[in-house]
Ligand code: CUA
């Protein structure tokens, strides 16, 4: 390849690296809540300001480079030291630029720090290495990795960490905000469009940081109510292979870490009472299929480096029975 063709490759390369598709899985450019829209507003102002400044600076630079370039035999230009007018100008202009950017930024910072109101839906978000726990104290619902929210209702997310510093980030809904052990952070937002939105831990938190994903489901109020009712119902009573799986579950180490309402109480791993109703497992890493669940039960650390769920040495038959049980927990 000739050296001269490199510049022509730069634009497509830059766009590819920048992930230029606006509506990809996690995009801050497609706001689906008041918070995300506010953040995009500031982003837009800064982008326009930066583009105008770049155009002016590079335009002037081009003119100066052409007009005042050295020519053979030309005399040395007159030598100056300091120029009060210029010094004042290039102090005032950046100050004005900062002011123009600061006013909307500060306004939106205050707007997005709104105090929660009485009718808001409160959800406690507990970050764990490497999964997300969602508790709805007013609804007595506990779930993991898949956050359900009703559209057009303000939600107060209380962020807590069970171990190290994480960062809660669902780009389409706004964010990101650190989740810090021993400290309460909050996010108040109102999702405005039903849909599925992917989230990702945004603070390095150990081996499987990149595998600490989540999904938010913004639903109509009716669909949300149905989901809440299903989550509040008792765990399904298994039959057949699933019943056998339950027996294995109750006689194994699973009991110590997981909660299944009426069966076991454990707080180390995700609540599994309705795990069969989720679309993904392992914090958004894998689709919730029988093959994936069985593979996960057999050797979680092989699929997710550092997973706190050890390889318990279950046989294929045991894994199949346990899978049948977990998949029956809709
Ligand atoms: Cu949790 Cu990165």
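The values are calculated or read from the model by the stated rules, or taken from the named source; none is laboratory data. Quick caveat, the model's predicted, so the values are computed rather than measured. So basically every Cβ, Gly included, is an ideal-geometry build from the backbone, and we count neighbours across all protein chains shown.
A few remarks follow.
- When region 178-188 is limited to residues that are at pLDDT 95 or above and assigned to a strand (DSSP E or B), the one that is surrounded by the most Cβ atoms within 10 Å (Cβ to Cβ) turns out to be 179.
- Filter result for residue 227 (touching a residue at least 40 places away in the same chain (Cβ under 8 Å), within 16 Å of the ligand (Cβ to nearest atom) and touching a strand residue (DSSP E or B) at 6+ places or on another chain (Cβ under 8 Å)): no
- Scope region 274-292; condition touching a strand residue (DSSP E or B) at 6+ places or on another chain (Cβ under 6 Å) and part of a helix (DSSP H, G or I); matching residues: 292
- Residue selected from region 191-215 under the condition under 28 Å from residue 163 (Cα atoms) and more than 16 Å from the ligand (Cβ to nearest atom), by the criterion surrounded by the fewest Cβ atoms within 10 Å (Cβ to Cβ): 196
- Considered as a group, the residues in region 87-120 that are in contact with a helix residue (DSSP H, G or I) (Cβ under 8 Å, 6 or more places away or on another chain) and either in a helix (DSSP H, G or I) or within 16 Å of the ligand (Cβ to nearest atom) (or both) include one that is nearest to residue 187 (Cα to Cα), and that residue is 111.
- For residue 56, the stated conditions do not hold, so it cannot be described as assigned to a strand (DSSP E or B), more than 16 Å from the ligand (Cβ to nearest atom) and surrounded by 10 or more Cβ atoms within 10 Å (Cβ to Cβ).
- Scan of region 253-274 for residues that are touching a residue at least 40 places away in the same chain (Cβ under 8 Å) and loosely packed, with under 15 Cβ neighbours inside 10 Å, ordered by number: 253, 268
- Looking only at residues in region 170-186 that are under 17 Å from residue 111 (Cα atoms), within 16 Å of the ligand (Cβ to nearest atom) and in contact (Cβ under 8 Å) with a residue 24 or more places away in the chain, the one that is farthest from the chain's Cα centre (by Cα) is 185.
- Qualifying residue in region 236-243 (condition: away from the ligand (no atom under 16 Å from the Cβ), within 26 Å of residue 311 (Cβ to Cβ) and surrounded by 18 or more Cβ atoms within 10 Å (Cβ to Cβ)): yes
To keep it simple, each residue is scored yes or no on (1) modelled with pLDDT of 90 or more; (2) in contact with a strand residue (DSSP E or B) (Cβ under 7 Å, 6 or more places away or on another chain).
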{"position": "69", "(1), (2)": "no, no"}
{"position": "95", "(1), (2)": "yes, no"}
{"position": "111", "(1), (2)": "no, no"}
{"position": "125", "(1), (2)": "yes, yes"}
{"position": "132", "(1), (2)": "yes, yes"}
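- Region 138-164, residues that are within 16 Å of the ligand (Cβ to nearest atom) and in contact with a strand residue (DSSP E or B) (Cβ under 6 Å, 6 or more places away or on another chain): 144, 145, 147, 157, 159, 160, 161, 162
- Among the residues of region 121-137, the ones that are in contact (Cβ under 8 Å) with a residue 40 or more places away in the chain, more than 11 Å from the ligand (Cβ to nearest atom) and either crowded, with 21+ Cβ neighbours inside 10 Å or closer than 18 Å to residue 220 by Cα (or both) come to 2 in all.
Each row is one residue, and each column tells you yes or no for (1) more than 20 Å from residue 284 (Cβ to Cβ); (2) under 15 Å from the mean Cα position of the chain (by Cα); (3) not in a loop (DSSP other than H, G, I, E, B).
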position: 142; (1), (2), (3): no, no, yes
position: 168; (1), (2), (3): no, yes, yes
position: 196; (1), (2), (3): no, yes, yes
position: 199; (1), (2), (3): no, yes, yes
position: 202; (1), (2), (3): no, yes, no
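- Selection status of residue 295, assigned to a helix (DSSP H, G or I) and within 25 Å of residue 162 (Cα to Cα): no
- Filtering region 234-254 to residues that are outside any loop (DSSP other than H, G, I, E, B) and more than 18 Å from residue 315 (Cβ to Cβ) leaves only 240.
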